[in-house]
Amino acid sequence: MKILYSKHFPPKGFAAINLFGIIIGRKEYGSLTKYEINHEKIHTSQIIELLWIFFYLLYGMEWLIRIVQYRHPLKAYYNISFEREAYHNDKDLDYLKNRPWYSFINYYRQPNDGKD
């Protein structure tokens with residue numbers, strides 16, 4: 001897994017972003033923790049399952065739905081099923097060893113008012 005660091009990306013307030021399996025960390029926040037890397041690895045699994053393009057389409061559509069639902073972009077972000085799964089399991093460094101495919105579906109209806 002490739003990890004790059006940037007001064008300008010991802011947006012401030014976010015430590016990392018996963019683009020097509022490449023993790024980009026915000027340089028000013030320092031090296032990513034093992035939990036942040038695990039979080040992004042969970043996203044990589046989701047991306048692969050959904051053949052890249054469908055992940056980004058579903059992610060964007062769900063974010064728009066959550067914005068309407070929660071009326072707040074950050075609250076919408078934390079309630080995207082892909083993020084719920086990743087935040088809920090990023091401290092479990094063995095999660096990906098036994099993770100069933102499409103596990104994010106289990107997080108679609110669970111409310112989450114903030115990070116786990």
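Every read-out reported here was derived from the displayed coordinates using simple, explicitly stated rules and does not represent laboratory data. From a predicted model like this one, the values you see are computed outputs, not experimental measurements. No Cβ is skipped: glycine too gets one built from the backbone with ideal geometry, and neighbour counts run over all protein chains shown.
Tabulated data for the structure shown
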| quantity | calculated |
| --- | --- |
| Gain in span if fully extended, Phe20 to Ile67, counting 0.36 nm per residue against the direct Cα distance | 14.5 nm |
| Kyte-Doolittle at least 0.5, axis length at least 24 Å by Cα - qualifying DSSP helices, the chain | 53-70 |
| Choice from Lys12, Lys75, Lys91 showing the highest fluctuation, given a GNM over the chain with Cα pairs closer than 10 Å | Lys12 |
| Over the chain, equivalent-ellipsoid semi-axes from the Cα gyration tensor in Å | 21, 18, 14 |
| Taking Glu40, Glu85 and counting other C-beta atoms within 10 Å, the order from fewest to most | Glu40, Glu85 |
